[in-house]
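Just below is one structure, and these are the notes that go with it.
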Amino acid sequence: MDIEKFLREITAISGLSGREKLVAEYARESFLPYTDEAEIDDMYNMVVVHRGAEGGARIMICAHMDEIGMVVSKIEDDGSLRIWKSGGVDPRVLPASRVIVKGENGSLLGVVGAKAPHLLTPDEQKRNYSLDELYVDVGLDKESAEKQIRIGAEVTFEPILTKLGNGCLASKTMDDRACVGMMLECAEILSKRKTWANVYFTASSQEEVGSKGAETAAFRLNPDLAIAIDVTHGPVNGAPPDSTYPLNKLCLTKAPLIQKKLYERIIETADKLHIGVSRGVSGGDTYTDSDNIQFARDGIPTALIELPLKYMHTSVETLSLSTLHDGARLLAEFCSAIEAGWEEELWS
């Protein structure tokens with residue numbers, strides 16, 4: 001499998017929260033060679049299944065595929081586009097960005113502009129731009145823009161995957177399509193193994209606006225246990241050291257919502273495979289799909305594995321490809337080792 005090619009292609013597809021259909025279709029085609037069945041539900045969650053034994057445990061592995069971005073809120077008299085955010089977009093990273101606007105007859109390349117520093121008032125120079133001070137310029141006048149662009153049109157960062165040193169990759173939307181890639185590698189490994197457990201790989205929708213897809217998928221699948229995989233913060237100069245984790249290790253988070261025995265079993269599996277892990281702590285919610293999966297139906301034992309990346313929610317989210325590979329191996333070994341009687345260990 002060429003995981004770099006997969007990441008290049010899946011991160012290039014526009015898929016804001018609630019508009020993930022094209023991403024889901026691409027993911028489904030990518031998983032089909034390694035799984036037994038695949039579907040896309042009404043929420044645009046993509047679910048593919050690795051079949052184990054009849055009556056075997058049902059394991060849900062979940063990574064979200066939606067992305068942050070913007071939508072067009074107004075077309076100005078000069079043809080420029082005002083925008084509003086979809087998900088956690090920070091206006092400070094937008095000026096001078098290249099973006100893609102989804103037009104009625106195809107995509108349009110645009111740039112995010114604002115008043116030049118020379119034109120700012122003394123008061124404006126003391127603060128950052130706010131979203132209502134930014135606009136997207138696609139080079140069209142108002143009449144032409146109105147023919148091609150509708151209010152509510154998707155606006156996403158231009159997809160450019162950049163190879164850096166030491167096996168690092170940078171791109172938009174690595175949060176969390178890199179973890180969809182981790183699931184894909186895991187599915188490839190499991191396709192060559194017989195397992196007792198049945199594994200439901202779920203690329204969920206609408207995580208960036210409250211983990212809506214994971215909640216509905218978990219209710220429908222009704223798994224016996226679940227593992228959510230998402231990104232966390234990598235080390236950045238000046239960031240609080242207890243809030244970031246090295247790129248070369250997976251992060252395992254302990255929190256009130258994380259099932260203790262699942263957490264311990266994943267740690268033991270990582271040790272067995274000689275995979276380095278960092279240990280994170282949350283005093284409450286993790287703000288990942290694990291929170292909502294936990295509360296589906298009458299409760300689902302859930303754990304969380306996180307992939308560190310730098311510059312989250314920007315167009316240059318940066319990660320280590322070797323750590324992604326480690327995550328795939330860890331997930332595959334964990335699922336392979338689940339055997340009959342696992343419930344006794346889980347609750348003992």
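Quick notes on this one:
- Residue within the range 41-52 that is at pLDDT below 95 and either closer than 23 Å to residue 91 by Cα or in a strand (DSSP E or B) (or both) present: no
- Going through (1) in a helix (DSSP H, G or I); (2) on the phi > 0 side of the Ramachandran plot; (3) surrounded by 11 or more Cβ atoms within 10 Å (Cβ to Cβ) one by one, residue 166 falls short only on (3).
- Considering (1) touching a His at 6+ places or on another chain (Cβ under 6 Å); (2) closer than 16 Å to residue 303 by Cα, the lone condition that residue 260 does not fulfil carries the number (1).
- Note on the range 254-279: among residues that are under 20 Å from residue 322 (Cα atoms) and assigned to a strand (DSSP E or B), the one that is modelled with the lowest pLDDT is 279.
- Some residue of the range 288-306 being small (Gly, Ala, Ser) and either crowded, with 23+ Cβ neighbours inside 10 Å or not assigned by TED's automatic domain parsing to the domain that holds residue 24 (or both): yes
- Each residue in the range 178-199 was checked for being within 17 Å of the chain's Cα centre (by Cα) and under 22 Å from residue 37 (Cβ atoms), and 8 of them qualify.
- Every residue from the range 96-150 that is among the polar types (S, T, N, Q) and either over 20 Å from residue 16 (Cα atoms) or in contact with a strand residue (DSSP E or B) (Cβ under 9 Å, 6 or more places away or on another chain) (or both): 97, 107, 121, 125, 128, 130, 144, 148
- Residue tally, condition out of contact with any Ser or Thr (no Cβ under 7 Å at 6 or more places or on another chain), under 30 Å from residue 90 (Cα atoms) and not in a helix (DSSP H, G or I), over the range 317-348: 3
- Of all residues in the range 68-97, those satisfying the criterion of being in a strand (DSSP E or B) and over 21 Å from the mean Cα position of the chain (by Cα) are 72, 73, 74, 75, 81, 82, 83.
- Residues satisfying the criterion are present in the range 289-298 (criterion: out of contact with any His (no Cβ under 7 Å at 6 or more places or on another chain), of a type outside the set (S, T, N, Q) and modelled with pLDDT of 95 or more).
- Against the test of being out of contact with any Cys (no Cβ under 6 Å at 6 or more places or on another chain) and not assigned by TED's automatic domain parsing to the domain that holds residue 225, the options 78, 36 yield a single qualifying residue, 78.
- Here residue 287 qualifies as without any contact (Cβ under 8 Å) to a residue 12 or more places away in the chain and closer than 27 Å to residue 87 by Cβ.
- Condition met for residue 165 (under 29 Å from residue 6 (Cα atoms), modelled with pLDDT of 95 or more, under 27 Å from the mean Cα position of the chain (by Cα) and outside the structural domain of residue 83 (by TED's automatic domain parsing)): yes
- Long-range neighbours under 7 Å by Cβ, at least six apart or interchain, first residue in the same structural domain as residue 328 (by TED's automatic domain parsing) within the range 262-274, second of a type in the set (Lys, Arg) and assigned to a helix (DSSP H, G or I): 273/329
- Set side by side, the residues 195, 202, 216 differ, and just one is more than 23 Å from residue 284 (Cα to Cα) and not in a strand (DSSP E or B), which is 195.
- One residue from 23, 101, 112 being among the β-branched types (Val, Ile, Thr), out of contact with any Phe, Trp or Tyr (no Cβ under 7 Å at 6 or more places or on another chain), crowded, with 19+ Cβ neighbours inside 10 Å and not assigned by TED's automatic domain parsing to the domain that holds residue 134: 23
- Taking the numbered list (1) more than 21 Å from residue 93 (Cβ to Cβ); (2) surrounded by fewer than 17 Cβ atoms within 10 Å (Cβ to Cβ); (3) in contact with a Pro (Cβ under 7 Å, 6 or more places away or on another chain) in turn, residue 235 passes all entries but (1).
For every residue, the table says whether it meets (1) part of a loop (DSSP other than H, G, I, E, B); (2) assigned by TED's automatic domain parsing to the domain that holds residue 326.
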{"position": "125", "(1), (2)": "no, no"}
{"position": "136", "(1), (2)": "no, no"}
{"position": "140", "(1), (2)": "yes, no"}
{"position": "145", "(1), (2)": "no, no"}
{"position": "150", "(1), (2)": "yes, no"}
{"position": "177", "(1), (2)": "no, yes"}
{"position": "180", "(1), (2)": "no, yes"}
{"position": "183", "(1), (2)": "no, yes"}
{"position": "189", "(1), (2)": "no, yes"}
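- Residue match in the range 44-61 (condition: without any contact (Cβ under 8 Å) to a residue 60 or more places away in the chain and in contact with a Ser or Thr (Cβ under 8 Å, 6 or more places away or on another chain)): no
The values are calculated or read from the model by the stated rules, or taken from the named source; none is laboratory data. Nothing here was measured: the structure is a model prediction, and the numbers come from that model. Virtual Cβ from ideal backbone geometry, glycine too; neighbours counted across all protein chains shown.
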